[in-house]
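Heads up, the thing below is written out as structure tokens.
Read-outs: derived from the displayed coordinates by stated rules, not from any lab. None of these values were measured; they are calculated from a predicted model. In this analysis, Cβ positions are derived from the backbone assuming ideal geometry, glycine residues included, and neighbour counts consider all displayed protein chains.
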Amino acid sequence: MCVKAVRISDTTDLTFRVLDAVIGDATHPCARRVRFGEIAEKIGISEELVRYHVRKLVEQGYLRALSSGYEPTGRILFIDEENA
């Protein structure tokens, strides 16, 4: 089982919730297509606010924008608890 970890002090609670929704249940870094409307509905905020936080996460270096979607960068640590 892998666990993702970020330094919480680098993000606001809402930004962290958006990051968690973008990455989802990923067990390793991979590009994911982001559906801003689905994330907005899941978290209970506007789609525009989701887009703002995703841009903020890209600027902070947590996400990398690709043509196929977004992927976590090296600032997010995936820990394999079974092999730790």
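A few notes on this one:
- Summed residue charge, Cβ within 11 Å of Leu63's Cβ, Lys/Arg positive, Asp/Glu negative: +3
- For the peptides 63-71, 50-58, the ranking by mean Cβ contacts within 10 Å, running from highest to lowest, is 50-58, 63-71.
- Spin-label pair Glu41/Ala65, simplified geometry with 7 Å Cα→Cβ offset, distance in nm: 2.5
- Residues Arg33 and Leu77, FRET efficiency given R0 of 22 Å [Cβ-Cβ distance, rounded to 0.05]: 0.45
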